[in-house]
Amino acid sequence: MKQKGKIRLLLCAFVTAALLAGCGSQSAPEQSRTPTPPVSTDTLTPSTPKPAEPPVQGQTATIYVGTKAGGFAEYPLEYEEELTPEILIQSIADLTGWDLTLAEEVTSGKGGMSVCLANTSSLFSGPPESQRDEFHMFSAEQLAETILDSIQKTLQEGFTGEDGDPDALDIWYYAEDNQPLELPDIGRSWPIDQPYQWVAGE
């Protein structure tokens with residue numbers, strides 16, 4: 001009995017030693033690991049916000065008011081959207097105070113543009129009662145020549161490239177219902193199939 005008791009005590013001691021040795025071998029790697037320091041928020045580099053893009057600046061066109069015979073005054077026009085013939089013609093109207101209402105949208109074709117002013121426009125009704133001093137017209141003929149030449153010049157310059165020839169862009173005028181442009185009060189008319197040109201002395 002005593003011998004068995006000794007054997008049991010030896011087994012218990014052996015098992016206990018083995019367990020302790022196993023725990024020591026498992027904990028050793030844990031102790032050898034280098035601890036990772038916590039990240040400090042003070043060392044973080046704040047993200048730099050992207051600079052705001054500059055606003056899109058408007059482009060500039062030129063409005064011409066005058067006649068080929070007497071010369072043209074130039075006025076800058078700033079615009080944001082796509083430039084159209086209607087914008088240019090309306091800008092002449094806003095600048096001068098003339099009624100340049102269009103009967104139809106301007107049509108573009110090979111080599112030129114066609115313009116139809118409404119019967120209610122100043123081209124047919126003559127100078128307005130209240131005129132702006134800078135654009136004062138003394139007769140219906142002077143006004144008609146100035147309107148037609150100004151629109152022609154402004155469209156030619158506005159829609160010709162840098163290396164292009166503005167005079168090569170023909171402008172046709174016609175009246176409502178697709179009729180030739182006629183101004184009987186001043187004895188002027190233009191065929192619908194020929195580009196506009198104001199001929200002095202006619």
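Structural remarks
- Contour excess over end-to-end distance, with Cα ends at Thr84 and Ser108 and 0.36 nm allotted per residue: 7.6 nm
- Dimensions of the stretch 59-190 from C-alpha coordinates, computed as largest minus smallest value along each principal axis and given longest first, are 39, 34, 27 Å.
- Proximity of backbone amide H atoms, modeled 1.01 Å from N, is registered between Glu104 and Cys116 at under 5 Å, excluding neighbours fewer than 5 places apart on the same chain.
- For the pair Thr120 and Asn178, label points projected 7 Å from Cα toward Cβ lie 2.4 nm apart.
- Cα pair distances exceeding 14 angstrom across the stretch 156-202, given as percent: 58
Bear in mind these aren't lab numbers, they're just calculated from the coordinates by the rules spelled out. Note that the coordinates shown come from a computational prediction; the quantities given were computed from them, not determined experimentally. Positions of Cβ are generated from backbone atoms using ideal geometry, with glycine treated the same way; all protein chains shown enter the neighbour counts.
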